[in-house]
Amino acid sequence: MFSLYRNSYLHTRCSSVNPRIINRSVDLARSEPILHDSSDFEPPFFRLTSEQPDIPIDNVDPTRRPLAFGSWALPKLRRELHDEDDMVVIQALMSICDLVHDPERGYEALVLKIPDRLADKLLDPLPPIRENAILVLTTLAGLGDGKEAIVRNSDLLENLLLCLGDEQMTVRLKVAACFEMIARSWMTADVLVEIGLIQNLLEIIEKDEMPSIVEFHLETLKSLMYDCGKCVAVKNNGFRIFMRYLDHDSSSVVAKALDCLMILTSTKKGKQLALQKNLLKTLNKLLHYGDTQICTSAASVVMFCTVKTRAKILAADIKNLAKRLVKLSTNPLNTNLQMFCLKVKSIGPKLVPFFKTVAIYFVVFLPFNVPSVLSTILKCLPILSLMLFVVLHGMSLGDEYKYSRRILVGLIFCCLGDAFLIWPGYFELGMLSFAIGHINYILAFGFQPLNLTLGVCLCAINIMGLAYLMPGLHGVLVPGVTIYTFILTTMMWRAIARAQFFEDLWTWSKLCSCMGAILFVISDLILGLDRFKFSIEYSQALVMSTYYAAQLGIALSVVDAKPQPTVRSH
């Protein structure tokens, strides 16, 4: 039997000479007595006596060295696979493994049905034979036809499955790499799913296995779960097993477990399990981990976990989650991470109509003193866009959307108020519509926590403001403005109180509603001063800019809306 590297130095230097003549000459030279002289151990001698690439040869690629026997190699080595001498079998396997790295040799091995001849070698008592047989199959699996040739042989697949539990760690590692290579093609992955590989791999990684082997198995499972394999993994406790590896010492194992969870959370059952097991809190910790690979994989899982409204509510309550996602989305060196972070709880696209209609209003900018149908439409369009945003965020008759329903009703009445204020003589109706809108906002914000001290302070400020405006009010406006300002002040009180700044329980959406209520008061204050006390320059621009910003903040508060707790009397 000839080795791949036999006399390769002479073959590269004497390409015109028949390789068999070179080999015969070398054998004769090596049979001569060796003189124990320093000259005997010069590099040419080493090159002559070495059959393995232990001694480097300059300017020669070891994977491209000419062979001593061209087309005779694989047929001869195939015959030696069942030689009685175990050493001959091992050497034959090693030579085949070296040869089939060349695609042409690989396809030649497939034609000679070498994978079929290796089926019994996978169960050989000698670990080196099992290990090298798997190495040959792994190399052949790198070819498309090689994958198909392996999965067509049921005995070969069955023996590979048995090797997953081999007593030798090196054999288990090699077979794990082999299955990972086979699973890369969806056609062969289907066969692996049918023979129950997913169940086998989940049972293996549930036990204490070597991290390098677990890494291969997780990558294989990721390839197998592209279709029906997801359901198989969920039914066999795959979600729980993958979550177990989220606190593993190896960052690569954690990242691959997250990739598998990403696939499972794309299913309805996976989203339910993520809620039940409170996966978002674990992902929040991983997002703050320094490893970029872990952050990218964790963001991809968060992206799927926050599709449903209930999950969005839970995500909004997790401290620093939104801030971390925003920070990670600014990483220009990792486009995948940016994409996943931007898709998580993305509300930006739903607000595009609002910003466009606001821009149109200020570009056209029809004055208040020139009422028309066009000016009414342009003024109401941004609020209609916010109503659409609230509806798109989620709406139903259940308690979960009670907050959103009240905000939506408030926006509807405010939109009516906008229309009434355009036309002369309808100021009182407009004020009534806004008052009803504020009452709905108050009901949405609720009265827990109460924060009575804040309410008293705001009420005192309101009384002072009314005293300042009262000389300019006449007729029905005197009680009307008084009632309206108290309703408006109550709305601001409830918006600020629910934020709970001093107890460190605030969220960004509660902050939005708080700022929205304050801006609403500022907008109405500018309007009241301009109408009842003195003229303010650019009053329309100031009123409408603060008003639209106020309504935007209040509308954004539906993102993490929760049903208000009911107090029962005993």
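One residue is enough: does segment 339-354 have a residue meeting the conditions modelled with pLDDT of 85 or more, open to solvent by 20 Å² or more (accessible area, probe 1.4 Å) and on the phi < 0 side of the Ramachandran plot?
Yes, there is a match, as at least one residue in segment 339-354 is modelled with pLDDT of 85 or more, open to solvent by 20 Å² or more (accessible area, probe 1.4 Å) and on the phi < 0 side of the Ramachandran plot.
Take S523 and decide whether it is of a type outside the set (A, V, I, L, M, F, W, C), part of a helix (DSSP H, G or I), under 42 Å from the mean Cα position of the chain (by Cα) and over 30 Å from I318 (Cα atoms).
yes
Which of (1) touching a Leu at 6+ places or on another chain (Cβ under 7 Å); (2) more than 25 Å from L333 (Cα to Cα) does N284 not meet, given it meets every other one?
Result: N284 fails condition (2) only.
In the set A550, A541, A495, which member is surrounded by fewer than 16 Cβ atoms within 10 Å (Cβ to Cβ), at pLDDT 90 or above and in a helix (DSSP H, G or I)?
Of the residues listed, the single one that is surrounded by fewer than 16 Cβ atoms within 10 Å (Cβ to Cβ), at pLDDT 90 or above and in a helix (DSSP H, G or I) is A541.
Mind listing whichever residues of segment 174-190 are in contact with an Asp or Glu (Cβ under 9 Å, 6 or more places away or on another chain) and assigned to a helix (DSSP H, G or I)?
Within segment 174-190, K174, V175, A176, E180, W186, M187, T188, A189, D190 meet the criteria.
Would you mention how many residues in segment 256-275 are closer than 19 Å to L321 by Cβ and either open to solvent by 50 Å² or more (accessible area, probe 1.4 Å) or assigned to a helix (DSSP H, G or I) (or both)? Can you show your working first?
Filtering segment 256-275 down to residues closer than 19 Å to L321 by Cβ leaves 258, 261-262, 265, 271, 274-275.
Next, only the ones that are either open to solvent by 50 Å² or more (accessible area, probe 1.4 Å) or assigned to a helix (DSSP H, G or I) (or both) stay: 258, 261-262, 271, 274-275.
The number of residues fulfilling the criteria is 6.
May I ask you to list the residues in segment 210-227 that are open to solvent by less than 10 Å² (accessible area, probe 1.4 Å), in a helix (DSSP H, G or I) and closer than 13 Å to D259 by Cα?
If the condition is that a residue be open to solvent by less than 10 Å² (accessible area, probe 1.4 Å), in a helix (DSSP H, G or I) and closer than 13 Å to D259 by Cα, then H217, L218, T220, L221, L224 are the ones that fit.
Does segment 377-396 contain any residue that is hydrophobic (A, V, I, L, M, F, W, C) and out of contact with any helix residue (DSSP H, G or I) (no Cβ under 8 Å at 6 or more places or on another chain)?
Taking every residue of segment 377-396 in turn, at least one turns out to be hydrophobic (A, V, I, L, M, F, W, C) and out of contact with any helix residue (DSSP H, G or I) (no Cβ under 8 Å at 6 or more places or on another chain).
Could you tell me which of the residues Y403, Y361 is open to solvent by less than 70 Å² (accessible area, probe 1.4 Å), more than 25 Å from G425 (Cα to Cα) and not small (G, A, S)?
Checking each option against the conditions leaves just Y403.
Yes or no: segment 139-150 includes at least one residue that is more than 21 Å from S185 (Cβ to Cβ), without any contact (Cβ under 8 Å) to a residue 40 or more places away in the chain and of a type in the set (A, V, I, L, M, F, W, C).
Checking segment 139-150: not a single residue is more than 21 Å from S185 (Cβ to Cβ), without any contact (Cβ under 8 Å) to a residue 40 or more places away in the chain and of a type in the set (A, V, I, L, M, F, W, C).
Restricting to segment 320-338, name every residue that is open to solvent by less than 80 Å² (accessible area, probe 1.4 Å), modelled with pLDDT under 75 and outside any loop (DSSP other than H, G, I, E, B).
Filtering segment 320-338 down to residues open to solvent by less than 80 Å² (accessible area, probe 1.4 Å) leaves 320-322, 324-325, 328-329, 331, 334, 337-338.
Adding the requirement that they be modelled with pLDDT under 75 leaves 322, 329, 331, 338.
Passing the criteria: A322, Q338.
Go through segment 109-156 residue by residue and tally those that are buried (at least 20 other Cβ atoms within 10 Å of the Cβ) and touching a His at 6+ places or on another chain (Cβ under 8 Å).
The number of residues fulfilling the criteria is 1.
The values are calculated or read from the model by the stated rules, or taken from the named source; none is laboratory data. Model, not experiment: these values are computed from the prediction. Methodologically, a virtual Cβ is constructed for each residue, glycine included, from the backbone with ideal geometry; neighbour enumeration extends over all protein chains shown. These accessible areas exclude ligands, DNA and RNA; they are computed on the full protein's heavy atoms, side chains included. Shrake-Rupley method; radii C 1.70, N 1.55, O 1.52, S 1.80 Å.
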